[in-house]
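In what follows, a single structure is set out as structure tokens and then discussed.
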Amino acid sequence: MLAKTWSSAIQGVEAYTVEIEVNATGAGQENVVTVVGLPDTAVRESRERVWSALYTSGFRPPHGRTTINLAPADVKKNGSAFDLPIAVGMVAATNGFDRDRLAQTMIVGELALDGTVRPVPGALPIAMHARSEGIKHLLVPAENANEAGVADGVAVYGIRSLGDAVDFFRHETARSPVQVDVSRFYQQANAKALDFADVKGQATAKHAIEVAAAGGHNVLMIGVPGSGKTILAQRLPSILPPLTLDEAMQVTKIHSIAGVLDRNTALIVAPPFRSPHHTVSDAGLIGGQSNPRPGEISLAHNGVLFLDELPEFRRNVLEVLRQPLEGGTVTISRAIGSVTFPSRFMLVAAMNPCPCGYYGSTQRQCRCTTGQIYHYRSKISGPLLDRIDMHVEVAPLAENELMSRGTGEHSETIRARVEQARRIQRERFKGTDIRCNAEMTPRAMEEWCALGSGCKATLRAAISDLNLSARAYDRILRVARTLADLDDSHDIAPQHLMGAIGFRNLDRQLW
């Protein structure tokens with residue numbers, strides 16, 4: 001008897017439909033199960049898991065030869081999410097089910113040998129795909145139910161065992177679909193966020209971080225060890241606006257596909273913060289493997305990628321950042337095809353001025369030679385520096401600042417100013433794909449970054465004195481536009497332009 005079930009798989013960050021055909025012929029003396037349709041090792045091993053799960057759940061597996069086809073047959077199938085739909089198809093092939101209900105239901109889940117259902121990655125993109133395909137019901141592992149339930153428009157049911165899935169098709173148990181209150185996640189968004197009030201002193205660096213957050217700009221912090229670069233970066237997400245629902249769905253989808261989504265988190269509404277170790281490979285940073293998975297830059301999509309001790313990263317690893325920083329996407333090509341991952345993030349980097357960390361310090365003497373300093377800094381190329389909008393010096397704290405008990409502004413206060421600047425930008429760029437000043441196109445800059453005669457003379461002198469590239473020129477104008485937005489100014493004033501130039505001259509002093 002032939003039975004069909006519907007499942008789904010992930011390719012890149014999108015899901016696609018997989019039709020599972022189970023044909024139990026009953027011919028032959030031995031029970032033989034064959035899986036076709038370009039299955040990988042995990043899919044081929046599903047035969048053993050499914051067979052054991054059927055027996056331990058009290059179902060009689062098909063007798064004789066059984067052929068399982070995963071269509072489309074020319075696309076390689078990966079992972080263990082086909083266990084449950086294959087098992088349901090085998091039960092349907094021997095016992096018969098409501099065919100209409102089978103045709104309206106998509107199923108994913110990994111089976112344990114005792115028939116329990118284990119969670120799988122990618123539940124949210126699969127639910128979004130099921131909705132777009134007009135599927136009425138989606139059966140997912142119980143641990144994935146809240147994640148998949150975020151996608152409205154499809155009834156999601158959490159399944160704990162193979163028996164639960166069979167009962168669903170036999171109408172033996174009344175079930176209600178999962179209901180997820182999205183607003184609850186936004187109410188809890190900043191409950192555990194770090195606070196800028198914990199950072200002593202560093203008024204200039206705090207202001208720079210606020211400007212970066214307001215315009216979505218990349219920033220490099222340079223300072224001696226212990227000056228506070230890392231704690232400043234860690235608190236940056238606390239002043240960023242919460243993600244819109246569309247952005248939150250994108251971020252959650254990527255984290256789900258990568259298998260790093262917290263099982264207690266159905267929807268990520270706070271901007272993600274990723275801080276890979278400097279030993280990360282280029283594949284770990286941009287994504288890779290034979291079946292490409294998202295890397296750190298995609299996991300930081302709509303959030304912050306923090307690279308501490310920037311010169312300690314291998315140069316070839318840093319160079320792969322150049323294209324994603326410009327385009328907001330990364331395309332990975334493998335033998336099975338090409339996939340594109342979103343990677344629109346704020347790059348925040350921190351470094352010491354030299355290998356020992358104390359070049360230019362008034363507190364400790366630098367022990368590095370000129371050659372060591374040159375080699376240390378040469379790991380960061382000029383093209384990469386040009387793509388970083390702001391270069392900030394983080395000075396060591398004075399004794400009175402270290403001993404003070406007073407606190408600075410709370411993140412909530414700073415975030416209010418950042419959100420106001422972002423509202424101005426959303427209104428300015430309404431109807432376009434631009435979300436913030438850092439993403440302005442040349443045409444948008446011509447319209448919104450017009451300079452008066454005094455500002456033009458100042459900028460012309462800065463270009464000559466600092467030997468700025470065309471890309472650095474664009475970065476200055478974008479930062480100046482953000483400074484004007486923070487001041488609620490329609491035009492870029494001289495003080496805004498000078499402030500933006502000040503964020504570019506440090507790299508010319510050091511390199």
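The values are calculated or read from the model by the stated rules, or taken from the named source; none is laboratory data. Not measured: the values here are computed from a predicted model. In this analysis, Cβ positions are derived from the backbone assuming ideal geometry, glycine residues included, and neighbour counts consider all displayed protein chains. Only protein heavy atoms, including side chains, enter the accessible area calculation; ligands, DNA and RNA are left aside. Shrake-Rupley method; radii C 1.70, N 1.55, O 1.52, S 1.80 Å.
The table for this structure:
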{"item": "Among (1) over 18 Å from V35 (Cβ atoms); (2) among the hydroxyl-bearing types (S, T, Y); (3) open to solvent by less than 10 Å² (accessible area, probe 1.4 Å), the one test that T66 misses", "result": "(1)"}
{"item": "First in the stretch 240-264 and assigned to a helix (DSSP H, G or I), second anywhere and surrounded by 14 or more Cβ atoms within 10 Å (Cβ to Cβ) and polar (S, T, N, Q), Cβ under 6 Å, 6 or more apart", "result": "E247/N302; V251/N302; I254/S298"}
{"item": "Hey, V43 open to solvent by less than 50 Å² (accessible area, probe 1.4 Å), free of Cβ contacts under 8 Å to residues at least 40 places away in the same chain, touching a strand residue (DSSP E or B) at 6+ places or on another chain (Cβ under 7 Å) and of a type in the set (A, V, I, L, M) or not", "result": "yes"}
{"item": "Residue satisfying all of: in the stretch 95-111; more than 14 Å from V156 (Cα to Cα) and in contact with a Lys or Arg (Cβ under 6 Å, 6 or more places away or on another chain); surrounded by the fewest Cβ atoms within 10 Å (Cβ to Cβ) among these", "result": "E110"}
{"item": "Single match in D164, D100, D152 (criterion: closer than 30 Å to F185 by Cα and modelled with pLDDT under 90)", "result": "D152"}
{"item": "Single unsatisfied condition, S7 versus (1) polar (S, T, N, Q); (2) open to solvent by 40 Å² or more (accessible area, probe 1.4 Å); (3) touching a residue at least 40 places away in the same chain (Cβ under 8 Å)", "result": "(2)"}
{"item": "Output for the stretch 434-454, where each listed residue is over 38 Å from the mean Cα position of the chain (by Cα) and surrounded by 12 or more Cβ atoms within 10 Å (Cβ to Cβ)", "result": "G452"}
{"item": "Long-range neighbours under 7 Å by Cβ, at least six apart or interchain, first residue closer than 12 Å to A205 by Cβ within the stretch 389-402, second among the acidic types (D, E) and crowded, with 16+ Cβ neighbours inside 10 Å", "result": "H391/D507"}
{"item": "Residue within the stretch 30-39 that is closer than 29 Å to S132 by Cβ and in contact (Cβ under 8 Å) with a residue 60 or more places away in the chain present", "result": "no"}
{"item": "Residue list for the stretch 286-303, filter: open to solvent by less than 10 Å² (accessible area, probe 1.4 Å) and farther than 12 Å from F341 by Cα", "result": "G303"}
{"item": "Condition met for P121 (closer than 30 Å to P292 by Cα and open to solvent by less than 80 Å² (accessible area, probe 1.4 Å))", "result": "yes"}
{"item": "Within the stretch 265-297, considering residues that are in contact (Cβ under 8 Å) with a residue 60 or more places away in the chain and under 17 Å from Q11 (Cβ atoms), the one nearest to the chain's Cα centre (by Cα)", "result": "P294"}
{"item": "Spans of strands (runs of 3 or more DSSP E) in the stretch 1-93 with at least 1 residues of a type in the set (K, R)", "result": "2-11, 65-71"}
{"item": "Matching entry among A155, A145, A73 (being in contact (Cβ under 8 Å) with a residue 24 or more places away in the chain, farther than 24 Å from G259 by Cβ, surrounded by fewer than 24 Cβ atoms within 10 Å (Cβ to Cβ) and not β-branched (V, I, T))", "result": "A73"}
{"item": "From the options L497, L451, L459, residue that is touching a residue at least 40 places away in the same chain (Cβ under 8 Å), among the hydrophobic types (A, V, I, L, M, F, W, C) and assigned to a loop (DSSP other than H, G, I, E, B)", "result": "L451"}
{"item": "Test: residue in the stretch 279-294 that is touching a strand residue (DSSP E or B) at 6+ places or on another chain (Cβ under 7 Å), assigned to a loop (DSSP other than H, G, I, E, B) and at pLDDT below 90", "result": "yes"}
{"item": "Filter result (more than 14 Å from G115 (Cα to Cα), hydrophobic (A, V, I, L, M, F, W, C) and either open to solvent by less than 60 Å² (accessible area, probe 1.4 Å) or not in a loop (DSSP other than H, G, I, E, B) (or both)) within the stretch 158-178", "result": "F168, F169, V178"}
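Yes/no matrix, rows are residues, columns are (1) more than 27 Å from T230 (Cβ to Cβ); (2) of a type in the set (A, V, I, L, M):
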site	(1), (2)
M249	yes, yes
L267	yes, yes
R274	no, no
H277	no, no
Q289	yes, no
P294	no, no
I297	no, yes
N302	no, no
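Rundown of residues vs (1) assigned to a loop (DSSP other than H, G, I, E, B); (2) open to solvent by less than 70 Å² (accessible area, probe 1.4 Å); (3) more than 19 Å from A472 (Cα to Cα), yes/no style:
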{"residue": "Q363", "(1), (2), (3)": "yes, no, yes"}
{"residue": "C368", "(1), (2), (3)": "yes, yes, yes"}
{"residue": "L384", "(1), (2), (3)": "no, yes, no"}
{"residue": "E401", "(1), (2), (3)": "no, yes, yes"}
